1. Cβ contacts < 8 Å: first residue under 30 Å from Ser77 (Cα atoms) and of a type in the set (S, T, N, Q), restricted to segment 210-224; second residue modelled with pLDDT of 90 or more and not in a strand (DSSP E or B), any location; separation 6+ or different chain. Result?
2. I'd like the full set of residues that are modelled with pLDDT of 95 or more and hydroxyl-bearing (Ser, Thr, Tyr), limited to segment 120-162.
3. Can you work out which of the residues in segment 127-153 that are open to solvent by less than 60 Å² (accessible area, probe 1.4 Å), of a type in the set (Phe, Trp, Tyr) and more than 8 Å from the chain's Cα centre (by Cα) is farthest from Ala184 (Cα to Cα)?
4. Can you tell me how many residues within segment 163-180 are assigned to a strand (DSSP E or B) and either more than 15 Å from the chain's Cα centre (by Cα) or at pLDDT below 85 (or both)?
5. Being at pLDDT 85 or above and either small (Gly, Ala, Ser) or under 23 Å from the mean Cα position of the chain (by Cα) (or both) is the filter here; which residues of segment 34-59 pass it?
6. Please state which one of Lys183, Lys205 is among the charged types (D, E, K, R), at pLDDT 85 or above and surrounded by 13 or more Cβ atoms within 10 Å (Cβ to Cβ).
7. Condition first: of a type in the set (A, V, I, L, M) and open to solvent by 70 Å² or more (accessible area, probe 1.4 Å). Now tell me which residues in segment 108-125 satisfy that.
8. Assuming Met87 fulfils every condition listed in (1) modelled with pLDDT of 85 or more; (2) open to solvent by less than 60 Å² (accessible area, probe 1.4 Å); (3) under 14 Å from the mean Cα position of the chain (by Cα) apart from one, which condition is it?
Amino acid sequence: KRKIKMFIKIPKLLLLLTIVASTVVYADSQNTQASHKSERSTSNMTLILKEYIYEIQQDTSTLEFRVDSPVGAVRGSFQDFEGSFVMADNDAHTQSAVVVITTGSLKVDASFIREMLKSEIFFDVEKFPAMRFVGSSFEWFYDTQAVLKGYLTIHDVTQSVAFYVDLIDVTNENHYSDRITLKASTTINRSEFGIHALLPAIGDKVNLYMNIDALRSDTSVSMM
């Protein structure tokens, strides 16, 4: 009788194992199909997302700075700079920007201040002929206002900075018109970039202002 009961139990056990195994295989198959479906859906989405490249127009753009001094605010500008930025139509915070500034193009009304700022105690234009800003993200908090985060390099020292951006002139509601005008501003501490000359008589804080006029590139690039 024990042998008969055992022989009865063994087929039941095998049947149970078969059912469990079949369920696992089916579930795995369903998951695999869902995964493939999701991948196809994601692939299709990436095909329709576009990014637009905007080239900065130097002739109609300005890059200025302001710093406090014992004789009042010193204002100046850089006449030679170039760059571009990318804006995507998927609301992702992955837009980027690059601006390269020629330090020797610094312009200040008073010639003696201009030469001092160009000297080795300030911008040292011979040793460091360029400054660079590389943006990492636009974070929009209103339809026409954003924070542009990135990294500014002066004297081969790189620090994170955030520009507050206002879109001034946009012909389309979705921000992606052929021409865009925006204003951006930030404040940096020059001492953080190794420029310590005449502190604290001449202020540590430097206000930077950009008035950017940019044209959209003819080519839109697929975000693959």
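1. Asn211/Ser61
2. Tyr151, Thr153, Thr158, Ser160, listed by residue number.
3. Result: Phe128.
4. Summing the residues that are assigned to a strand (DSSP E or B) and either more than 15 Å from the chain's Cα centre (by Cα) or at pLDDT below 85 (or both) in segment 163-180 gives 7.
5. Ile53, Tyr54, Glu55, Ile56, Gln57, Gln58
6. Lys183
7. Ile121
8. Checking Met87 against (1) modelled with pLDDT of 85 or more; (2) open to solvent by less than 60 Å² (accessible area, probe 1.4 Å); (3) under 14 Å from the mean Cα position of the chain (by Cα), the one that fails is (1).
The values are calculated or read from the model by the stated rules, or taken from the named source; none is laboratory data. The structure presented is a predicted model; accordingly, all values stated were derived computationally and were not measured. We place every Cβ from the backbone using ideal geometry, glycine too, and count neighbours over all the protein chains shown. The protein model used for the area step is the full one, side chains on, heavy atoms only, and it has no ligands, DNA or RNA in it. Shrake-Rupley method; radii C 1.70, N 1.55, O 1.52, S 1.80 Å.
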